[in-house]
1. I'm told Ala83 meets every condition in (1) surrounded by 15 or more Cβ atoms within 10 Å (Cβ to Cβ); (2) part of a helix (DSSP H, G or I); (3) away from the ligand (no atom under 11 Å from the Cβ); (4) modelled with pLDDT of 95 or more except one. Can you identify the failing condition by its number?
2. If Phe41 meets every condition in (1) within 27 Å of Lys214 (Cα to Cα); (2) touching an Asp or Glu at 6+ places or on another chain (Cβ under 9 Å) apart from one, which number is that one?
3. Can you tell me which residue among Leu176, Leu189 is of a type outside the set (Asp, Glu), surrounded by 22 or more Cβ atoms within 10 Å (Cβ to Cβ) and outside any loop (DSSP other than H, G, I, E, B)?
4. Surrounded by 14 or more Cβ atoms within 10 Å (Cβ to Cβ), without any contact (Cβ under 8 Å) to a residue 60 or more places away in the chain and more than 13 Å from the ligand (Cβ to nearest atom): does that describe Leu160?
5. Which of the residues that make up the range 136-152 are surrounded by 13 or more Cβ atoms within 10 Å (Cβ to Cβ) and free of Cβ contacts under 8 Å to residues at least 60 places away in the same chain?
6. State all residues of the range 13-46 that are within 13 Å of Ile240 (Cβ to Cβ) and either modelled with pLDDT under 95 or part of a loop (DSSP other than H, G, I, E, B) (or both); if no residue qualifies, say none.
7. Quick check on the range 205-253: of everything there that is under 16 Å from Thr28 (Cα atoms), of a type in the set (D, E, K, R) and in a loop (DSSP other than H, G, I, E, B), which residue is farthest from the ligand (Cβ to nearest atom)?
8. When you look at Val155, is it free of Cβ contacts under 8 Å to residues at least 40 places away in the same chain, in a loop (DSSP other than H, G, I, E, B) and out of contact with any Asp or Glu (no Cβ under 8 Å at 6 or more places or on another chain), yes or no?
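The values are calculated or read from the model by the stated rules, or taken from the named source; none is laboratory data. Given the structure is predicted, the values throughout are model-derived calculations rather than measurements. Don't worry about glycine lacking a Cβ; one is built from the backbone with ideal geometry, like all the others, and counts go over all protein chains shown.
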Amino acid sequence: MENNDVPFDLIEKASEIIVKSGYVVVLTGSGISAESGIPTFRGKHGLWKRYRPEQLATPEGFAVNPKLVWEWYNWRINLVLNAEPNAGHIALSELEKMNIVKSIITQNVDDLHERAGSRNIIKLHGNILEARCIRCDYKMKIQKPFRDLPPKCPVCKNLLRPNVVWFNEPIPMDVLNRAYEEIERSDCLLVIGTSGVVMPAGAFPSIVKRNGGKVIEVNVDETHISWIADITLRGEAGKILPVIVEKVKKYLK
Ligand code: OAD
């Protein structure tokens, strides 16, 4: 999409809603990191077109072949370590610094929101740059892909696993509670780059609507969220969000 395709009047309306809201919360999915070169999960070029989630992103798949799972994670860890936050991530951190955005709930396991300068981030699906022991409490930060696969816990010698939430696994209770608290407080939810098909995040927009809040979607395509959104901004997050920041700044002047 060229810059002149950006839906300026809708962005104007969305920015007005954002400025007039008391508690703006952001929900992001893999689409916000797409412009940083990190592949999304669904759609034409999505990871789940090329890889099988049950083999690579479930506890059962890990039990069958931990080395295969770690090979895939090593590849993705490398992608994340070499990626940079894009204009979309940076725009959201600016909105937080302006005290407009109160928190970001992300389904992403990369660290691009953090590196863009956002502070109040709730990582629903964990952190790809951490590993934890499958038995003891050992947890470590990952600064480069592992050399020997599958990696072992230095304390108890059991297997290390990525510190992420896989399919068939619950989101840690404290993380989930924080996310629901933010959603219940929110009177405006910005939903960016998610297909909205994975629960519980996919249900957050309807909770905000039920509570009388507004939902603004930023996505290149129509999604499961689009029908419920008050405004859908069709386009790339990295093009739309910086324009929102400019409009919000003008309103605040
Ligand atoms: P999906 O791959 O399901 O959706 C990505 C969304 O981003 C799609 O709706 C795209 O249209 C949109 N998109 C792509 N590029 C974009 C751009 N530049 N700007 C704006 N939107 C863009 O990814 P998620 O919704 O994040 O979970 O998927 C949710 C969860 O499913 C993931 O966290 C992961 C996956 O399986 C686990 O692994 C447990």
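1. The failed condition is (2).
2. (2)
3. Every option except Leu189 fails the conditions.
4. It is true that Leu160 is surrounded by 14 or more Cβ atoms within 10 Å (Cβ to Cβ), without any contact (Cβ under 8 Å) to a residue 60 or more places away in the chain and more than 13 Å from the ligand (Cβ to nearest atom).
5. Just the residues of the range 136-152 that are surrounded by 13 or more Cβ atoms within 10 Å (Cβ to Cβ), to begin with: 138-140, 142, 145-146, 149-152.
Once the filter is applied, which keeps residues that are surrounded by 13 or more Cβ atoms within 10 Å (Cβ to Cβ) and free of Cβ contacts under 8 Å to residues at least 60 places away in the same chain, the range 136-152 yields Tyr138, Lys139, Met140, Lys152.
6. Passing the criteria: only Glu35.
7. Among them, the one singled out is Glu222.
8. Considered against the rule, which asks whether it is free of Cβ contacts under 8 Å to residues at least 40 places away in the same chain, in a loop (DSSP other than H, G, I, E, B) and out of contact with any Asp or Glu (no Cβ under 8 Å at 6 or more places or on another chain), Val155 comes out as yes.
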